[in-house]
Structure formats: C-alpha cells, structure tokens
Amino acid sequence: MRCKFFLLLLAAVITGCSEKPVKKTSLPVVDLAQDQYDSLCVYIASLKESKKMMPRTTKDGKLVSVGIYDWTSGFFPGSLWYLYGLTGDKKWKDRAVEYTEKLDTIQYWEGNHDVGFIMECSYGNALKYMDAPAYDSVIVQTGKSLSARFRPKAGVIQSWDWSEKWECPVIIDNMMNLELLFHATSISGDSTYYNIAVSHADQTMKNHYREDYSSYHVLDYDTITGQVIQKNTHQGLRDDSAWARGQAWGLYGFTMCYRQTGNPKYLEQAQNIASFIRNNPNLPSDKIPYWDYNAPASGNTPRDASAAAIAASALYELSTFTENKGAEGHRDLADQIMESLSSSAYFAKPGANGNFLLMHSVGSKPHEVEVDVPLNYADYYFLEAMFRRKEIQQK
Ligand code: GLY
C-alpha cells in the first residue's frame, strides 16, 4: 500500500501533475455520447498531421474540422474533459490531454478575445482533474494576452479587430472570456485580471442590456472618450432583436461572474435574463429557441440547439445560487431543455450527424453559414449541463 502511494507520488513529481478523483455517471445518453465521440476521435486521429484537427461542424454531410486559431478550437478538448468527468474512463483523459496540448501556442495570441473560450474550455477544465503547474502557467499567460485587448477608457475588452466597420467592437459573447481572467487571478494572485473582468462585466451590464433584459449583440466603443458609438448586431435578426445565443451567453456569463465575485448585482442580472428567456412568448413548448427570439415563430424558422444547451448549463449553475429564489424553476427549465435535447428530435442517431451529439444548431443565419447543423459548442455545453446536473443530484 505504502509502496503504491510512493509510486503514485513519484509519477506525479515526474509528470509535474497529480490526479483528482472522478465519479462515474450511468445514463444511456452518456453511453451514446461515448460511442459518437469514440468514432469522432478515430476519424480525427486518421487526419494525422493535418493542422485542422479540431472537429467543428458538418457541411453537406461531411465533417468540417478547424485549426487552433478558430474560435471553437477549445470545445473538442473540452468535451473530452466532460466525457472523462462523466465516465471516469482514462481513455477520455488521455485524449483530452492530447488535444488540449495542441493549443499550447494560443497562450501568446493577442489577436482575438476568444482565447478565453479556447483555453478555459481546454486547459481550464484540465485543471479540475489534475494539479499541473505547467497548465497553471498557460492560463496565466493567456490572461496576459487577453488583457492586452483591454481598453481602459471604455473599460472593456475589445472583441474583434474590424476597423472598416467598428472602432472597438464588443460582443455579448465576450462575457464568456472573463472566466479565464478570474482563473488567472486565482492562480497567480495578481488582481489585474480580476479587475479587468469586473470592469468588462460592469460595462456590459450598463450598456449592452435593454429594459426587458434582452441584450444587443455588438456594441462599438470610442476608445478615447469611452462612449458607446453604435449598438448593432452581427448574427441576429436586427440590431434591436434578441439573438438567441447572445441571450444564453449573457445568462451564463453573469451567473459565472456571481460565482467568481459573490457580487449580488450579477446574480440579479442573471435572474432577470433567465426571466426574459423563460417568459418569452416566442419560446417553443419544447424550450429550444428559434435562432432569434424575434424571428417568426413558424415551422420553417431554424431552432438553435446550441443556445438551448448553453442556457441549460447556465440555469443548472444559477439554481445552485438561488435556493428559495427560483432555483426549482431554473432546474425545471434546464431539465425540460435537456429532455428535448436528449430526444430523437435533437440527439443524433448513432453514426449520423458527423458523429456530433446534437443536431439543429445555427452559426450565423444572416450570413447563411452553419444553419441547422451540428456545432461542437452545442455538444460541449450539453455535456457540461449533464455534468452539472449530476453534481446537483449528488448533493
Ligand atoms: N461567439 C461566436 C458565436 O457565438 O457564434
């Protein structure tokens, strides 16, 4: 026994990391997810040295994979981490490590706000299962790179470099990148990252939201005066509409900000966004939204399973902060979403759908790109929602 302990300790010292325990979930949908991702992994491995090794979606029935600079590159390793978290099967961990480490150079990239998504879904999740000082350094270095996009006068992180159209565009999706900054402060003890995250969240709450707690998609800031110049959309129906995934990003982002700061104003914001979603007259009875809450409620209007999966994951977390203040309602809505997503209407048959789990997501309807397709982030947040539900049930 003692010998085994010392061998484990020695292995941890040599590899520079140590294990954290995992409990298995027994659900048929987890087994189906494992089969789909087993096939996806075999296919992706067959691409060998291709630079496009992260599966993203399908086009004309064929799998589309992308390289590490694509904003979705962290979701595939992230899904592998959640499969490990749900099953405890070491093969998922080995695969998750392999694909996480392919993203190593992103830590130095200052060219896009999405480094937060990319590295927190991969390295950030890894750190839930391993103590790995090398991965800690990656998170902190990514925090530095992301902070280079902070515009102090406006108090926000610039999302895109798109000077023909906007000076300093900030999209609601950017709330999701803040988790990495909070993580960087908790590792390094340097409050710079935390303060940038709080400033961005505060400005977003003040400027992105309307009276009904729906959000604009893109705001353009003047970096000299700090003023908002324009309120637009890029992926929504209209500038003043409620793009479905944007509402889900906001719900998730403010719930996460409450977890990280304990500031009740973020919790209140998340509660109000949840009410906007729940009470929306355009939300179909299966609780999977149309791609925009202002899109016509008809059979031809595409649904967005990705928006539903993100919202379900956020609602499970929100329910843990709101006992006696709506927790049951949040869990109930998340359960209804998950029941729909796990049904044959949204969950793919084995071997179909490019081996992704969920069908019927929308990338960008105005550009007619990725409409009614699988998307790797729909799968990621679906698996995360299952994982969060499991944690709630175990408590
Ligand atoms: N963050 C990009 C999107 O949600 O489409």
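The values are calculated or read from the model by the stated rules, or taken from the named source; none is laboratory data. Just so it is clear, the structure is predicted and the values come from calculations on it, not from any experiment. As a convention, Cβ positions derive from the backbone with ideal geometry for all residues, glycine included, and neighbour counts pool all protein chains shown.
The figures follow:
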read-out	value
Given (1) within 16 Å of the ligand (Cβ to nearest atom); (2) of a type in the set (Ser, Thr, Tyr); (3) surrounded by 23 or more Cβ atoms within 10 Å (Cβ to Cβ), number of the condition Ser159 does not satisfy	(3)
Residue in the range 348-370 that is surrounded by the fewest Cβ atoms within 10 Å (Cβ to Cβ), counting only those that are within 12 Å of the ligand (Cβ to nearest atom) and not acidic (Asp, Glu)	His367
Flag if Ala270 is in contact with a Ser or Thr (Cβ under 7 Å, 6 or more places away or on another chain), of a type in the set (Gly, Ala, Ser) and closer than 22 Å to Met386 by Cβ	yes
Qualifying positions in the range 219-247 - within 27 Å of Ser361 (Cβ to Cβ) and touching a Leu at 6+ places or on another chain (Cβ under 9 Å)	Lys231, Asn232, Trp243
Pair list, Cβ < 9 Å and 6+ apart or interchain, from the range 376-395 residues that are closer than 26 Å to Val64 by Cβ and among the acidic types (Asp, Glu) to residues that are at pLDDT 95 or above and not in a helix (DSSP H, G or I)	Asp379/Phe356; Asp379/Leu357; Asp379/Leu358
Test set (1) surrounded by fewer than 19 Cβ atoms within 10 Å (Cβ to Cβ); (2) more than 30 Å from Ser343 (Cα to Cα); (3) within 16 Å of the ligand (Cβ to nearest atom) - Asn263 fails condition number	(3)
Selection from the range 23-53 of residues that are in contact with a strand residue (DSSP E or B) (Cβ under 8 Å, 6 or more places away or on another chain) and surrounded by fewer than 22 Cβ atoms within 10 Å (Cβ to Cβ)	Val29, Leu32, Tyr43, Ile44, Leu47, Ser50, Lys52, Met53
Some residue of the range 303-325 being surrounded by fewer than 19 Cβ atoms within 10 Å (Cβ to Cβ), among the basic types (Lys, Arg) and in contact (Cβ under 8 Å) with a residue 40 or more places away in the chain	yes
Unique match (being modelled with pLDDT of 95 or more, within 15 Å of the ligand (Cβ to nearest atom) and surrounded by fewer than 24 Cβ atoms within 10 Å (Cβ to Cβ)) among Glu179, Glu120	Glu179
Any hit, the range 99-111, residues being assigned to a loop (DSSP other than H, G, I, E, B), in contact with a Gly (Cβ under 7 Å, 6 or more places away or on another chain) and not aromatic (Phe, Trp, Tyr)	yes
